Structure formats: C-alpha cells, structure tokens
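Visitor: Have a look at this one before I ask anything.
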Amino acid sequence: MPELNNFRRYDFIRYNRYGVLRPSLGLWLSLTFLCRHVITILLVAMAAGRGMQGGNNAMDMSDFGHLVTPIFMLSDLPALMLLLALAARLPTAGVLPRAIWRAGRLLLLLSILAYAGLIVRHWPAVGISGFAVADWLGFAGTSAIALYVLGSTYLADLFREFPDRPNSNDRPFRQVH
C-alpha cells in the first residue's frame, strides 16, 4: 500500500479499495481512442457476424474495409498491452502486468508515436489532400492525448501505483472450502 502521505494529494474518492489511485476518465477515453482501429474491426466483425446469419441483409466484411487501414492497428498494440495490464491491476497480479503498468506513460507515448510514424509513412502515397476528415480528427485526437499524457501529474502518479501483493500472514475475510 502506498505511503499515507500520498493520500493527502488527492481526494479519498480517487483511491480504490487497495489504496491505489483509480484510473481516470481521461485514461479510459485515451485508451479507447488509441485502440480505435482494433475496436472498430471488432465491432464491424460482430456486426457482420450478426448479418451473416442469412436473409437479404447479410453483410460482407469487405464492405467495411475502408473504415480501417490494417497497418494502423500496429499503433494500437502498446495501448492494448496497457489495457490488459489495467484489467489485471489486482494484488494477485504477476510480474508482467506490474512491469507493463509501470511503463504506462511510455507505452501511451509509443502508441502515439507509432500512429504519427504511420501517418507520415502513409502521407506521400495519398498527399495532404487525400486525407479524409476522419484522418484529421484521428491526428487531432492523438495530439490531444499526447498533451494529456505529458502534462498530467495524476497520470504520472497513477502509473507509479500498483496494488501490493497480499501478505502470506493476511487471512481472507471468509474461508472458502
């Protein structure tokens, strides 16, 4: 558990039952946005799966190929790793989720830089006029997240904290047989 003087920095409601900071809404929105390519593919696949049950409204996945350029899913991977570490942010978590969590800001920035690099790589092929409004919005949103990651002290404090491992002397509240 973090030292008690850390509890004075933020309101008590910002801490979870393990005494560590809760993920902020900004982090959840940032992770969702940075994973948007994979999330879009998953949503389209689910929608296409429902449509493939038959009938006149059957969908084909190729109808949605223009929504996501698959190469951009590479920029989602660091953010996806962080999302998985967030899901495993429990006292019983292993070494890997803890290491990923400690590198959280770095992984967010890596995801942002990977996206920027892919945009720059894609730029000569389409030219500046070839970018759609969604591309510009994606770049603007990614830039805003970069400013958030670099400027947020809450985010820096959040990635320093991970629930302590349970002490072997601690007894559970109720015995399970």
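Visitor: Listed residues Thr142, Thr92; which is within 17 Å of the chain's Cα centre (by Cα), modelled with pLDDT under 95 and among the polar types (S, T, N, Q)? Talk me through it step by step, then tell me what you get.
Guide: On the way: Thr92 fails: within 17 Å of the chain's Cα centre (by Cα).
Result of the check over Thr142, Thr92: Thr142.
Visitor: Restricting to the stretch 70-96, name every residue that is of a type outside the set (Lys, Arg), in contact with a helix residue (DSSP H, G or I) (Cβ under 9 Å, 6 or more places away or on another chain) and touching a residue at least 60 places away in the same chain (Cβ under 8 Å).
Guide: Leu86, Leu90, Ala93
Visitor: For Arg121, which of the numbered conditions (1) surrounded by 11 or more Cβ atoms within 10 Å (Cβ to Cβ); (2) part of a helix (DSSP H, G or I); (3) at pLDDT below 90; (4) charged (D, E, K, R) fails to hold?
Guide: Result: Arg121 passes all but (1).
Visitor: Scan the stretch 62-82 residue by residue and report those that are within 24 Å of Leu137 (Cβ to Cβ), in a helix (DSSP H, G or I) and modelled with pLDDT under 60.
Guide: Our first condition is that a residue be within 24 Å of Leu137 (Cβ to Cβ); within the stretch 62-82, this holds for 63-80, 82.
With in a helix (DSSP H, G or I) added as a condition, the list becomes 63-64, 70-80, 82.
Those that are within 24 Å of Leu137 (Cβ to Cβ), in a helix (DSSP H, G or I) and modelled with pLDDT under 60: Asp63, Phe64.
Visitor: Exactly one of (1) modelled with pLDDT under 90; (2) assigned to a helix (DSSP H, G or I); (3) touching a Pro at 6+ places or on another chain (Cβ under 7 Å); (4) small (Gly, Ala, Ser) is unmet by Ala85. Its number?
Guide: Of the numbered conditions (1) modelled with pLDDT under 90; (2) assigned to a helix (DSSP H, G or I); (3) touching a Pro at 6+ places or on another chain (Cβ under 7 Å); (4) small (Gly, Ala, Ser), the odd one out for Ala85 is (1).
Visitor: Of the numbered conditions (1) at pLDDT 90 or above; (2) more than 30 Å from Ile112 (Cα to Cα), Leu31 satisfies every one except a single condition; which is it?
Guide: In the conditions (1) at pLDDT 90 or above; (2) more than 30 Å from Ile112 (Cα to Cα), Leu31 misses (2) alone.
The values are calculated or read from the model by the stated rules, or taken from the named source; none is laboratory data. Quick caveat: nothing in here was measured; it's all calculated off a predicted structure. Note that each Cβ is placed from the backbone with ideal geometry, even for glycine, and that neighbours are counted across all protein chains shown.
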